[in-house]
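> Quick one: structure below, then a few questions.
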Amino acid sequence: MGKSLLPPGNGGDDHIEPVDLKKALEERYLAYALSTIMHRALPDVRDGLKPVHRRIMHAMRLLRLNPDQGFAKCARIVGEVMGKFHPHGDQSIYDALVRLAQSFSMRYPLVDGQGNFGNIDGDNAAAMRYTEARMTDVATEILAGITEDAVDYRPTYNEEDEEPVVLPGAFPNLLANGSSGIAVGMATSIPPHNAAELCDAALHLIDHPDAPVSKLTDFVQGPDFPTGGIVVDSRASILEAYETGRGSFRVRARWHQEDQGRGTWVIVVTEIPYGVQKSRMIEKIAELLLARKLPLLEDIRDESAEDIRIVLAPKSRTVDPGLLMESLFKLTELESRFPLNMNVLSRGKVPNVLSLKDVLREWLDHRRDVLIRRSRHRLAEIERRLEILAGYLIAYLNIDEVIRIIREEDEPKQVMMARWDLTDTQAEAILNMRLRALRKLEEFEIRKEFDGLSAEKKQIEALLGSQEKQWKTISWEIQKIRRDFGPEENTELGPRRTQFADAPEHDLTDIAHAMIEREPVTVVVSQKGWLRAMKGHLSDYSQLSFKEGDGLKIAFHAQTTDKILVFTTGGKFYTIGADRLPGGRGHGEPIRIIVDMDNDQDIVTAFVHDPSRRLLLASHQGNGFLVPETEVVANTRKGRQVMNVKAPDEARICVPAEGDHVAVIGENRKMLVFSMSEVPEMTRGKGVRLQKYKDGGVLDLKTFALEAGLSWQDSAERTFTRSQAELAEWIGARASAGRMVPKGFPRTGKFG
């Protein structure tokens, strides 16, 4: 008979339970979130490890892979971890193991690997069947004392075995090696630090428990990445990051200039920021080079072997190396930000963002717990041994009697216990004694051991009774770590690799220029407001083509590195990079696509930005003022409101303020000349009255030096000049009406 497809029972619906979906989802998602936070993504503040790393360390200890023993296949280690402690994929366990062995990922590697464990280019490690591993000295320090009841154990996932909840952690691993992880709703990111500096800070904290973070940063100056680099952050921002547990560090590559002879040179990069894949970074720089985004750079070569050596060749020997590097730092991963978010499991239970002081404090408290537990464990061992030794002494003093009892009595244990008032343990030990231990010397040895253990017992009891002694012992342990992993003894791991520097102050415009290829262009603005940039400096504008009904308004020469300023009738200035203007094919693009300009406004003029100049602005109704050109540059598409005009008035004129006098002509053909010193300089406003009108407004305006006289051009392009004496009758005070233009002035009423 085939299997029944019906549910158990009578096939009715009595096994179907209604479940509230919202509640079920909430419960299950919360369980998942908690398990991710507690058992996967966040490290424990005490030993700085996540569960997978802790299990790898524990398994390697059980396999006796000590630094002085041989290596074992990684596949064997992974199998042990997966089978006993960590019921997850073997690949994820192996990835974690590989990372622990990479000297460019870990400041103080916990695993000593043999074989291909990947490289800084981002290549993967060989498969675990080909690689071998054992622990490093750092790992043994983190495990030191684990057999002496230093930490709690809990059952493994299948309850067949036990695993440590946390490791003793004699090494300040959390900060020394850093950590990063993404949980649910929270993440952690801690950069590596220098162990000797951490030990110094911890020792200071033992002596001065109230020390502020600012004092601790005298010892822990900042991160110390395994790949070196230079941190370019102010001391204040580093201090704030360590006080709050949140912040970030700007890390730059280390570079130097190398002379190639005959005045030529290259830049050599020897250290790159932490966490950056070298080959990927070089690919990106090469892409930027092809896209002509790095005009100062000619070529990039990777000449790295064991050490990093990236060679950057400049376009020419006249390039400023600092500026070239600034442009690279801005566009590439030669500068990167490493976030600091010290979100860790505080006391192994609660996720919390801790400050530098809190992290060190919790590590020290954990060390004290470990010290007390190890001491109590040792005390219990000593007491057991002393009890046995006391029994041995009784046996030696009565050795013949003991032998007789063992030979003749049926229940020798009971008889001995009754005779000499022995405990069960002592009697058992005497019965298990070997015959060869009956030598004369043995009694002396026992007394010696008894006295030694009694003295040690006294010491441990004194230690357990005095907090001061406990901290002294912890200080001594930390000093030993500092000695072993400090720059004096350990020249490979000890010295600081990451240095600190202030970012060199280069002018931002210089850097912007360094990212744009400098080429001559001709900027063309049509009457309807279409913009384009033709290649090269054109001399004949008559050949330019426009849309039907449109024509040339202004054309001028510029470089692609220039900023183009556009002034509109609404009194606004817009800034457009010459390199961002549409090309010369076709008719260009309307300005309203490039910037956010109102529909009812038109372009008054456009020109190349020159920060050294001042501009004279004037509105139709004859108001005006001077403004420094640096004050009109806008950094956004919205532009910058400089001249306040209300309809029906509008901005009409914008000219460079050169010379010392202003000549202004109204639509009534009256001209007035007055000193420029009467016009105020402002950064924004309506301005002051330049000339008075009954009706109409300004027609044209010119600035000039009175000594040189006022000149204009007529329609036949002849130039006329009137000297200071000849202008006498037009010179007056600002805001007066002026007099009719001199004879021979063009009919248009403009200066030409």
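> Go through the residues of region 122-141 one by one and say whether even a single one is of a type in the set (D, E, K, R) and part of a helix (DSSP H, G or I).
So in region 122-141, the residues of a type in the set (D, E, K, R) come out as 123, 129, 132, 134, 137, 141.
Adding the requirement that they be part of a helix (DSSP H, G or I) leaves 137, 141.
Yes: one or more hits.
> Something else now. Run down 345, 323 and say which single residue is closer than 20 Å to residue 286 by Cα, modelled with pLDDT under 95 and not hydroxyl-bearing (Ser, Thr, Tyr). Give the steps one after another, and end with the answer.
Working: 345 fails: closer than 20 Å to residue 286 by Cα.
The conditions single out 323.
> Cβ-Cβ under 8 Å, sequence separation 6+ or interchain: first residue in region 610-625 and touching a residue at least 60 places away in the same chain (Cβ under 8 Å), partner among the polar types (S, T, N, Q) and in a strand (DSSP E or B). Which pairs?
Filtered contacts from region 610-625: 616/703.
> For region 567-602, which residues satisfy the criterion of being within 25 Å of residue 536 (Cα to Cα) and of a type in the set (Asp, Glu)?
The answer is 579, 589.
> Just wondering, is there one or more residues in region 151-169 that are in contact (Cβ under 8 Å) with a residue 12 or more places away in the chain and in contact with a Cys (Cβ under 6 Å, 6 or more places away or on another chain)?
Looking for residues that are in contact (Cβ under 8 Å) with a residue 12 or more places away in the chain and in contact with a Cys (Cβ under 6 Å, 6 or more places away or on another chain), one finds none in region 151-169, hence no.
> Only residues that are within 23 Å of residue 743 (Cβ to Cβ), surrounded by fewer than 16 Cβ atoms within 10 Å (Cβ to Cβ) and not basic (Lys, Arg): list them for region 651-704, please.
Listed by number, the residues that qualify are 667, 696.
> Could you say which residue among 125, 133, 139 is touching a Cys at 6+ places or on another chain (Cβ under 7 Å), closer than 20 Å to residue 108 by Cα, aliphatic (A, V, I, L, M) and in contact (Cβ under 8 Å) with a residue 24 or more places away in the chain?
Every option except 133 fails the conditions.
Here's the yes/no breakdown for (1) of a type in the set (A, V, I, L, M, F, W, C); (2) more than 20 Å from the chain's Cα centre (by Cα):
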site: 134; (1), (2): no, yes
site: 148; (1), (2): no, yes
site: 156; (1), (2): no, yes
site: 176; (1), (2): yes, no
site: 180; (1), (2): no, no
site: 184; (1), (2): yes, yes
site: 197; (1), (2): no, yes
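> Is it the case, given these coordinates, that residue 204 is crowded, with 21+ Cβ neighbours inside 10 Å and at pLDDT 95 or above?
Numbers: crowded, with 21+ Cβ neighbours inside 10 Å: no; at pLDDT 95 or above: yes.
No: the conditions fail for residue 204.
> Of the residues 65, 97, which is part of a loop (DSSP other than H, G, I, E, B) and either within 30 Å of residue 278 (Cα to Cα) or touching a residue at least 12 places away in the same chain (Cβ under 8 Å) (or both)?
Working: 97 fails: part of a loop (DSSP other than H, G, I, E, B).
Sole residue among the options that is part of a loop (DSSP other than H, G, I, E, B) and either within 30 Å of residue 278 (Cα to Cα) or touching a residue at least 12 places away in the same chain (Cβ under 8 Å) (or both): 65.
> Give 180, 189 a once-over and let me know the one that is among the small types (Gly, Ala, Ser), crowded, with 16+ Cβ neighbours inside 10 Å and more than 25 Å from residue 488 (Cα to Cα). Reasoning before the result, please.
On the way: 180 fails: crowded, with 16+ Cβ neighbours inside 10 Å.
Just one listed residue meets the conditions, 189.
> In addition: Among the residues of region 355-369, is there at least one that is farther than 29 Å from residue 466 by Cα, among the aliphatic types (A, V, I, L, M) and either at pLDDT 95 or above or in contact with a strand residue (DSSP E or B) (Cβ under 7 Å, 6 or more places away or on another chain) (or both)?
No - not one qualifying residue is present in region 355-369.
> If you scan region 571-599, which residues turn out to be free of Cβ contacts under 8 Å to residues at least 24 places away in the same chain and either closer than 21 Å to residue 642 by Cβ or touching an Asp or Glu at 6+ places or on another chain (Cβ under 8 Å) (or both)?
Step one: filter region 571-599 for residues free of Cβ contacts under 8 Å to residues at least 24 places away in the same chain, giving 580, 585, 593, 599.
Hit for region 571-599 is 599, nothing else.
> Got a sec? Which of 41, 75, 31 is among the small types (Gly, Ala, Ser), crowded, with 16+ Cβ neighbours inside 10 Å, at pLDDT below 95 and within 38 Å of the chain's Cα centre (by Cα)?
Numbers: 75 fails: at pLDDT below 95; 31 fails: crowded, with 16+ Cβ neighbours inside 10 Å.
Exactly one residue qualifies, and that residue is 41.
The values are calculated or read from the model by the stated rules, or taken from the named source; none is laboratory data. Nothing here was measured: the structure is a model prediction, and the numbers come from that model. Note that we place each Cβ from the backbone using ideal geometry, even for glycine, and neighbour counts take in every protein chain shown.
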